[in-house]
């Protein structure tokens with residue numbers, strides 16, 4: 001048995017599934033993450049002198065079904081041209097037959113990390129941007145099905161990106177649904193009874209594998225769960241405002257019909273909360289309404305009150 | 001991380017577990033399984049005795065022989081419970097237990113010790129020890145693990161070489177060995193272009209050969225790992241530790 005130096009052992013561990021890209025335009029630098037389907041590497045595009053992200057199917061998943069899923073994810077990303085979706089540069093096959101795709105390298109914080117460092121209103125504005133992206137996807141017939149804080153990145157300049165569309169479903173909803181031009185037989189590749197998603201962020205119908213019930217409201221449930229997680233994470237989030245609790249409770253209703261019917265309506269509720277007006281999900285008690293109105297119009301109310309006090313004092317003093 | 005569909009096996013199912021076979025009723029299967037365990041574990045066990053227990057070379061040789069002989073004769077491995085520990089941890093505990101008992105009983109470690117001699121290359125292991133430099137005395141467990149990985153990889157490379165020779169694919173192995181196995185200290189590994197010139201092959205064929213050999217190497221390692229694991233869970237954890245990446 002030949003002695004194998006430590007350096008060789010380390011090298012073999014590294015290259016056992018190291019992607020061998022065709023040509024010498026791209027140099028793979030290091031692995032930066034691993035998801036359910038693929039490993040993501042930081043790579044350098046020598047021709048354009050920029051860094052990119054390379055997602056490669058994990059070796060142990062190199063079956064036609066998983067290859068099809070990764071290819072499908074790349075196609076979905078490529079079709080969803082939106083600032084909240086990572087742009088894909090190319091898709092291809094490695095020498096060992098594995099599917100890969102190149103995309104923009106995203107630098108930033110995960111939403112849950114971001115939430116711990118910002119105010120409630122900043123966190124809510126980030127969630128509104130997520131809603132914009134998800135709403136855009138829904139309008140193009142795509143349901144994400146795996147929305148969660150770790151799949152949302154906040155860039156250095158405040159850009160909000162929704163990642164990991166690997167288990168997205170092409171639902172064909174909406175008048176302006178765009179066909180994704182997927183190869184025949186791959187339009188829906190999730191068998192009934194299959195459970196895909198993340199516990200805590202998937203609704204009951206998804207958790208039991210009821211594929212036929214999965215639609216836009218599946219993502220709305222996840223957005224409600226994200227709202228709850230993010231509000232709890234912001235500094236002082238241990239006693240959240242009741243209207244916000246009502247919003248996420250409606251979004252996370254067990255029955256799909258009881259949830260917000262569209263992401264746009266969920267966004268509108270969040271916007272109402274940020275603007276300090278009543279939200280539909282919450283019937284406000286009188287005293288709370290007074291407190292909210294006072295909070296929103298504090299300065300003019302104080303000015304009027306001060307004016308009235310001065311006026312009263314003036315009248316009283318003149319009467320003496 | 002995204003959940004996998006029900007029923008999807010993350011890693012390949014291969015031959016039955018050596019850990020189960022070594023405690024089984026079939027004498028032939030037990031003997032083959034025992035040989036596999038010795039092949040993978042004798043060197044980590046020997047180096048563990050030398051470095052953790054600081055035994056002299058001859059004593060470590062004798063105790064290594066005695067350990068495996070007793071394990072076979074007295075059925076040490078039949079007591080293994082996958083729910084309690086990884087097999088690797090269990091085996092090391094057995095070795096530590098035997099060593100501690102030997103010391104406590106103040107029995108001298110007699111050379112030979114009456115145990116049947118296994119053909120183990122202790123001289124080679126001593127050379128390895130010298131090449132490895134000063135031992136990481138602060139973490140003998142890490143040393144045992146490192147030597148176990150080395151044994152696993154070495155056996156996988158041997159298996160890959162034999163497979164390539166038997167199937168007329170020696171060039172593939174040679175490209176792999178030249179690229180990934182040759183010592184790298186002091187000089188960079190050859191580029192694909194340099195390998196292509198050396199083997200008089202197109203660059204694309206070099207990358208194809210390497211991709212194939214690396215995939216096969218990984219497959220062989222995972223097969224062997226599965227054999228050596230006490231449970232599916234242990235196998236998955238070990239496989240991730242060997243080839244996985246750490247999420248950011």
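The values are calculated or read from the model by the stated rules, or taken from the named source; none is laboratory data. Not measured: the values here are computed from a predicted model. All Cβ positions, glycine included, derive from the backbone under ideal geometry; neighbour counts span all protein chains shown.
Please state which of the following conditions residue A:121 fails to meet, knowing it meets all the rest: (1) over 13 Å from the mean Cα position of the chain (by Cα); (2) assigned by TED's automatic domain parsing to the domain that holds residue A:214; (3) in a loop (DSSP other than H, G, I, E, B).
(3)
Quick check on region A:10-42: of everything there that is touching a residue at least 60 places away in the same chain (Cβ under 8 Å) and not in a loop (DSSP other than H, G, I, E, B), which residue is nearest to the chain's Cα centre (by Cα)?
A:38
Looking at A:277, A:293, can you tell me which residue is at pLDDT below 90, surrounded by fewer than 16 Cβ atoms within 10 Å (Cβ to Cβ) and assigned to a loop (DSSP other than H, G, I, E, B)?
A:277
Filter region A:19-37 down to residues that are modelled with pLDDT of 80 or more and within 21 Å of residue B:212 (Cβ to Cβ) and give me whichever is nearest to the other protein chains (Cβ to nearest Cβ).
For region A:19-37, the residue satisfying everything is A:19.
Collect the residues in region B:204-216 that are within 16 Å of residue A:11 (Cα to Cα) and either over 22 Å from the mean Cα position of the chain (by Cα) or facing chain A (nearest Cβ under 7 Å) (or both), keeping them in residue-number order. Full working, then the answer.
Filtering region B:204-216 for residues within 16 Å of residue A:11 (Cα to Cα) gives B:210-211, B:213-216.
Hits for region B:204-216 are B:210, B:211, B:214, B:215.
For residue A:7, all conditions in the list (1) surrounded by fewer than 18 Cβ atoms within 10 Å (Cβ to Cβ); (2) facing chain B (nearest Cβ under 7 Å); (3) assigned to a loop (DSSP other than H, G, I, E, B) hold save one; what is the number of the exception?
(3)
Filter region A:207-236 down to residues that are at pLDDT 85 or above and in a loop (DSSP other than H, G, I, E, B) and give me whichever is surrounded by the most Cβ atoms within 10 Å (Cβ to Cβ).
A:234
Quick one: how many residues across region A:43-58 are surrounded by fewer than 20 Cβ atoms within 10 Å (Cβ to Cβ) and not in a strand (DSSP E or B)?
Result for region A:43-58: 4.
Here is a list: B:172, B:219. Which entry is at pLDDT 90 or above and either surrounded by 14 or more Cβ atoms within 10 Å (Cβ to Cβ) or more than 12 Å from chain A (Cβ to nearest Cβ) (or both)?
B:172
Taking residue A:70, is it at pLDDT 85 or above and more than 30 Å from residue B:155 (Cα to Cα)?
Yes, satisfied.
Can you tell me which residues in region A:76-109 are modelled with pLDDT under 90 and assigned to a loop (DSSP other than H, G, I, E, B)?
A:94, A:95, A:96, A:97, A:98, A:106, A:107
Criterion first (part of a helix (DSSP H, G or I), more than 9 Å from chain A (Cβ to nearest Cβ) and within 22 Å of the chain's Cα centre (by Cα)) does residue B:224 satisfy it?
yes
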